[in-house]
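Okay, so here's the structure we're looking at.
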Amino acid sequence: MDSYKTKKPRYGLIDTLRGFSILNMVAYHLCFDIFHIYGFNTLWMYSPAAVVWERFICCSFIIISGISLNFSSRGYRRGLIVSACGVLMTVVTLIAVPGFAIWFGVLTCIGASMLITQALRKLLERIHPLIGAAASLLIFAALYGVPDGYAGFFKLRLLELPRFWYQNHFTAFFGFLPKGFVSSDYFPLFPWLFLFIFGFFLWRAVARYKAEGFFKFSIPPLAFTGRHSLLIYIVHQPVLMGICFLIFGYF
C-alpha cells in the first residue's frame, strides 16, 4: 500500500509553511487596505515588489493546498466547505465594499480545485508523480496568460485565444473574463487548477522517494496558525478594516 494512503502523523513543516503563507497574506492585505482602499498610494499594488510578494503568497498557498489534499479522506467535503467560504467572501464584499468585491477569489479556486482533483484522484494516482508534477507545471505555464487572452509560456504570447470565449461571469470563473470585469482577488481555474495539481503530485513524489521525514520539523506558532488558516482567512479582512477604521476614522 502506498504510504500516502496509510495513517500518518501530521507533518509540522507543512503546517508551518501554511502558517507563514497566511501571515504573509494578512500582511499583504493590510498594505492593500491602507495603500489602495484608503488611497494613500493606489499604485503600490502595481509595484514590482508588491506583485512578486502577492504571487509568492498565492502560489505557495495553492501549492500547499494541493499537497494537503493527499492527507484528506474527505476531499469532496473539504472542497465544498472551502468553496462555500469563497461564496461567503463574495457576498460579504459585495455588501461591505462593492467597489472592491471579490469574484472567484483564491478560496473559490482552491475549493473548485479540490473537487476536480478529488474527482480525478484515481486517475492521477496512476501517473508517476514526477511526470505528473512536470506536466502540471508546464500546463500551468502554458495557460498563465489565459486571463489576458493568450496561451504560451508565462508572459510569452504564443497563441491568441478566441475573443468569443470571453463572455460573462461564468466564463470568468475559468479564466475567460469579459471586458470590464473587476475583482479585488481573482484566481480562475485556468491556470491555477494546474498549480494545485502540481502540489498534489509534489507530495506524492516526496512519499514515493520516502522523504517524509524532512517534513516533521515544525515551528509551533506558525504550525498552529497554519492549522487554522481557513478561519484566519475568513475573519482577517473584517478585522483589518476595523483596525484601519480605528486608526484613520473613516471608510
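The values are calculated or read from the model by the stated rules, or taken from the named source; none is laboratory data. This one's a predicted model, so the numbers in the text were calculated from it and none came from an experiment. Just so you know, the surface numbers come from the protein's heavy atoms only, side chains and all, with ligands and any DNA or RNA stripped out. Shrake-Rupley method; radii C 1.70, N 1.55, O 1.52, S 1.80 Å.
Points worth noting:
- Probe 1.4 Å, all protein chains present, accessible-area order of Trp165, Trp203, largest first: Trp165, Trp203
- Centre-to-centre, using Cα atoms only, region 195-238 and region 86-163 are separated by 19 Å.
- At the residue level, Ile34 shows approximately 50 square angstrom of accessible surface with a 1.4 angstrom probe and all protein chains present.
- In the full protein context, region 2-148 carries 49 Å² of accessible surface per residue, based on a 1.4 Å probe and ignoring ligands, DNA and RNA.
- Reachable aspartates and glutamates, given that their alpha-carbon falls under 18 Å from the alpha-carbon of Lys155 and they are not under 8 places away in the same chain: Glu54
- Accessible area expressed per residue, region 179-235, with surrounding protein chains retained (probe 1.4 Å, Å²): 50
- Whether region 1-111 is rounded, prolate or oblate, judged on the alpha carbon gyration tensor where a/c under 1.5 counts as rounded: oblate
- Highest-MSF residue in the chain out of Arg121, Arg204, Arg18 [GNM, Cα springs under 10 Å]: Arg121
- Of Ser73, Ser21, the residue with the largest accessible area leads and the full order is Ser73, Ser21 (1.4 Å probe).
- Counted residue by residue at 0.36 nm each, then reduced by the alpha carbon distance between them, the extension gain from Phe170 to Ile95 reaches 24.9 nm.
- Nonlocal amide H pairs with Tyr150, under 5 Å, H built at 1.01 Å: Leu161
- Cα gyration tensor, region 22-85 - rounded (a/c under 1.5), prolate or oblate: prolate
- The chain: DSSP helices with Cα axial extent of at least 18 Å and average Kyte-Doolittle hydropathy no lower than -1.0: 12-32, 48-68, 75-96, 106-119, 129-143, 189-208, 229-248
- Split the accessible area of region 100-234 by element, probe 1.4 Å, and carbon with sulfur accounts for 72%.
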